[in-house]
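> Below is the structure I would like to discuss, written out as structure tokens.
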Amino acid sequence: CKVFSAKQLNGKRITDAIYKISSIRYSLGLKATAMVAILSPFGKSTGRKEMIQDTTAIAQVKKVFSMNNFKNKDSFINEIKAIVNYG
């Protein structure tokens with residue numbers, strides 16, 4: 001768990017959190033599905049979104065959710081179920 005204020009949250013902090021979860025999984029030999037939830041929007045910067053997507057792919061994190069994903073509860077739950085192959 002990482003906590004940052006809205007002013008502290010930037011693309012670098014998000015990618016650091018993604019790398020951290022990946023590092024913990026691999027160093028402990030965990031097979032858990034890695035996901036990151038950010039309780040703020042990504043913003044409008046396409047460069048930031050691309051950087052997050054690239055880092056997610058490299059670190060083998062399944063999904064990075066932003067505040068926009070939480071707005072539709074049913075859609076969010078269905079997406080989680082699809083990621084973890086829940087019946």
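> About the Cα centre of the chain, how large is the charge dipole given +1 on each Lys and Arg Cβ and -1 on each Asp and Glu Cβ? Please answer in debye to the nearest 20.
Details: 15 positive and 5 negative charges, 38 e Å.
That gives a dipole near 180 debye.
> Taking the Cβ of residue 82 as the center, what net charge do the other residues with Cβ under 12 Å away carry, scoring Lys and Arg +1 and Asp and Glu -1? Show your work: numbers first, answer last.
On the way: positive: 62, 63, 81; negative: 79.
Here the charged neighbours net out to +2.
> On to the next question. Going by average Cβ density within 10 Å per residue, which order do the peptides 54-61, 15-22, 28-35 take, highest to lowest?
Details: 54-61: 15.9, 15-22: 17.4, 28-35: 11.0.
Result, highest mean first: 15-22, 54-61, 28-35.
> Oh, and also: So what is log10(I(q)/I(0)) for the chain at q = 0.14, 0.16, 0.17, 0.22 1/Å, when the Debye sum runs over its Cα atoms only?
-0.51, -0.66, -0.75, -1.19
> Still on this model: With every protein chain present, what is the per residue accessible area of the chain (1.4 Å probe, Å²)?
72 Å²
> So what's the net charge close to residue 33: Lys and Arg +1, Asp and Glu -1, counting the other residues with Cβ under 10 Å from its Cβ? Walk me through the numbers before you get to the answer.
Numbers: positive: 25, 31, 62, 63; negative: none.
Every neighbour counted, the sum reads +4.
> Could I ask something else about it? Could you give the size of the charge dipole of the range 24-71 about its Cα centre, using +1 on the Cβ of each K and R and -1 on the Cβ of each D and E, expressed in debye and rounded to the nearest 20? Can you show the working numbers first?
On the way: 8 positive and 2 negative charges, 30 e Å.
The dipole of the range 24-71 has a size of about 140 debye.
> What number, rounded to the nearest 500 deg cm²/dmol, is the helix-based mean residue ellipticity at 222 nm of the chain, given -39500 (n - 2.57) per DSSP H run of at least four residues and division by all its residues?
Numbers: 4 runs with 46 residues, N = 87.
Computed ellipticity for the chain at 222 nm equals -16000 deg cm²/dmol.
> Continuing with this model, one more query. State the percentage of accessible surface on the range 39-84 attributable to carbon and sulfur atoms; use a 1.4 Å probe and exclude ligands, DNA and RNA.
On the way: 1680 of 3150 Å².
Using a 1.4 Å probe with all protein chains present, the range 39-84 comes out at 53 percent carbon and sulfur.
> Let me ask something else about it. At 0.36 nm per residue, and after removing the present C-alpha to C-alpha distance, how many nm does the segment from residue 85 to residue 32 gain when stretched out fully?
On the way: separation 53, 0.36 × 53 = 19.08 nm, distance 1.25 nm.
In short, 17.8 nm is gained.
> How far apart, in nm, are two points set 7 Å out from the Cα along the Cα-to-Cβ line at residue 45 and at residue 78?
3.2 nm
The values are calculated or read from the model by the stated rules, or taken from the named source; none is laboratory data. Everything quoted here is computed from the prediction, not taken from an experiment. Glycine gets a Cβ as well: all are built from the backbone with ideal geometry, and neighbour counts include every protein chain shown. Quick note on the areas: whole protein, heavy atoms, side chains included, nothing else; ligands and nucleic acids left out. Shrake-Rupley method; radii C 1.70, N 1.55, O 1.52, S 1.80 Å.
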